[in-house]
Amino acid sequence: MAIGAAHDDEQFDGEKWVHDSSIDHKGRIPLRASTGAWRASLFIIAIEFSERLSYFGLATSLIIYLTKVIHQDLKTATKSVNYWAGVTTLMPLFGGFLADAYLGRYFTVLASAIIYLMGLTLLTMSWFVPSLKPCEGEEVCQQPRKIHEVVFFLAIYLVSIGTGGHKPALESFGADQFDDDHAKERKSKMSYFNWWNFGLCSGLLLGVTVVVYIQEHVNWGTADIIFTAVMALSLVIFIAGKPVYRYRAPTGSPLTPMLRVLVAAFAKRNLPCPSDPSGLYEVAKSEKTKGRLLCHTDKLKFLDKAAIIEDNGNPVENKQCSRRLATVTQVEEVKLILNMIPIWLATLPFGICVAQAATFFIKQGTTLNRDIGGFLIPPASIYALAAIGMIISVTFYDKVLVPVLRRATGNERGIKILQRIGIGMIFSVITMVVAALVERKRLGIVKSNADNNLPEKGSMTMSVLWLAPQFLIIGFGDGFALVGLQEYFYDQVPDSMRSLGIAFYLSVIGAANFLSSLLITAVDRITEDHDGRSWFGKDLNSSRLDKFYWLLAVMTLANLCFYVVLAKRYSYRSVQRSSSVAVADCYDKDAEEV
């Protein structure tokens, strides 16, 4: 049935058909009973499980590979990991833009998965092809071949490029399977991000235990084969789900209407803003074919001038002059993006704390006794505790806290999104305090063994389980803050920028990784100039990570106070639900906060 025929015959039967600008795989209006919702998103969560297994199996052991095989020192290896993680989490800004504007989310995921697979294939070849191997023979080489180093970095940065399209498009594609205008599906969508992260953490858990064990006790190449096979399988799964997906057609560059608002507001800067928002230009909801109408807000009122209809005797001509006239919805979309900038900046210190878990926390594990009941735990496997903490956190939040909080607050989400993020930030402060105390104890044991002429033991008399609290706590925090950030940046961006919204969330982590590297460099130089001994030595035993952790705890706590002020003053996006309203104030009874 064609779209026009469905429109005429079904009269927009909301229970049978989905009328949210989605189409099915044949370009028709989707049937609610056979497309989207959990039947489609479970496919997508399964793919995320497979991809995250590969990604975290590579990412969490990367610092070990760089120090053991590439033979980089601790500072260089840490910076290399942070740069790679930064690129990996900033590339989604480009991938998300392509998905929203030109390719669509489905084809972006498809193309990026192929690039991702190419990177993993090259990574496997760098270990098994004789001319690309680190060195001849099976022995550990003191200096790897330059060709191996080049191919290795080329491979992992191909993975970065693949992730750049895969992450923002896949997660937003999964959220697109739920209809915001259908009460049941809207509530399911609020759980979607929790279960998305449950699948993510399950893949992470398997990646940093089974796969990392293979890296440690078999060889890196066998693990690379597993990564490649799992990614190929996820690609097959993704294609198999094509008939049940709901699709959104790309809408062109989302930057164009935003630029129009800025140009129009500047051109009419001398006009007075009307006291009544009904005097601003907006299309009728019946004429709005893509996205939803937003309510007018009183913030950043100078932008409202873009929606003023100039009185020159020809209102029709004025409305057609797109360079000097924008709709209220377009103005509000620009306000949304501008209001997000302070929140984005305020979450960066949290991201810096998260960055330590994949670098210094794991490296600490190499200096401790990893023998648990006769079983030698690989250093990167300790990261599994962060995944376990996150799984516990999101499950408890979704199944226990949300139902209770819904009844207590009357809010569909239980608590506001920014409140959830703030709780996660509190956990990050606690994590840094605990990490500082544990590291101080470890350094005390190193000094004690050295004083007793046992320097070769270092801190090997201390169990690796001392690291468990900091990993678990950061996992609990991730369950609140990271999931909250995903939900915030997906829900609060304009409808035409959903993939970019997920990319904004990822860019917090990416920018934080770069900032972490810059902070390490700055602290290294400052502390070395002060007393001649840097907080970052050639190894952990000659470093003072405990002081660095205290610095992060103070920075994050101070930033949390700033964040609380921002969160209290923040106005959430408000969507018009009534078809009769053209321009509404956010406090209108027909408007609904999302």
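The values are calculated or read from the model by the stated rules, or taken from the named source; none is laboratory data. Predicted, not measured: the structure shown is a model, and the values here were computed from it. When we count neighbours, we look across all protein chains shown, and the Cβ atoms used for this are built from the backbone with ideal geometry, even at glycine. Just the protein is used for accessible areas: all its heavy atoms, side chains included, with ligands, DNA and RNA removed. Shrake-Rupley method; radii C 1.70, N 1.55, O 1.52, S 1.80 Å.
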Heavy atoms only, probe 1.4 Å: what % of the accessible area of segment 335-577 goes to carbon and sulfur, would you let me know? 66 percent
Hey, what do the phi angles of segment 99-111 turn into as Karplus ³J(HN,Hα) couplings, whole Hz, using 6.51/-1.76/1.60 and θ = phi - 60°, x for Gly and Pro? 5, 6, 8, 10, 8, x, 6, 4, 6, 5, 4, 4, 5
Sticking with the crude label model, points 7 Å out along Cα→Cβ, report the distance from Val404 to Ser448 in nm, one decimal please. 3.9 nm
Please report, in cubic angstrom per residue, the volume enclosed by the convex hull of the alpha-carbon atoms of segment 335-577. 142 Å³
Let's test the formula: R0 of 25 Å, r as the Cβ-Cβ distance of Gln142 and Ser463. What FRET efficiency results, to the nearest 0.05? 0.20
Out of residues 5 or more away from His296 or on other chains, whose amide H comes under 5 Å of its own, with H placed 1.01 Å from N in the peptide plane? Ala584, Asp585, Cys586
Heavy-atom accessible area of Glu528, protein chains in place, probe 1.4 angstrom, given in Å² to nearest 10, is 90 Å²
Between segment 176-203 and segment 224-279, what is the separation of their alpha carbon centroids in Å? 19 Å
Using unit Cβ charges (K, R positive; D, E negative) and no other charged atoms, how large, in debye to the nearest 20, is the dipole of the chain about its Cα centre? 580 debye
Among Lys268/Lys299; Lys268/Lys335; Lys16/Lys399; Lys146/Lys167, the pairs whose Cα-Cα distance exceeds 25 Å are Lys16/Lys399; Lys146/Lys167
Hey, could you pull the Cα Rg and Dmax for segment 439-490, both in Å? 17.9, 57
Read phi for every residue in segment 508-523 and hand back ³J(HN,Hα) as whole Hz from Karplus 6.51 cos²θ - 1.76 cosθ + 1.60, θ = phi - 60°, with x for Gly and Pro. 4, 5, x, 5, 5, 5, 5, 4, 4, 5, 5, 5, 4, 4, 5, 5
To the nearest 500 deg cm²/dmol, what mean residue ellipticity at 222 nm is calculated for the chain from DSSP H runs of n ≥ 4 alone, each contributing -39,500 (n - 2.57), summed and divided by the residues? -20500 deg cm²/dmol
So the angle from the long Cα axis of helix 468-491 to the longest Cα principal axis of the chain, reported in degrees to the nearest 10, equals 20 degrees
Using θ = phi - 60° and the Karplus relation 6.51 cos²θ - 1.76 cosθ + 1.60, list the HN-Hα couplings for segment 377-385 in order, rounded to whole Hz, with x at every Gly or Pro. 7, x, x, 5, 5, 5, 5, 4, 5
Would you work out which of Leu271, Asn197, Val129 lies farthest towards the positive end of the dipole of the chain, given +1 charges on the beta-carbon of Lys and Arg and -1 on that of Asp and Glu, about the Cα centre? Leu271
Given points 7 Å out from each Cα along the Cα-Cβ axis, report the Thr76 to Ser571 separation in nanometres with one decimal. 5.4 nm
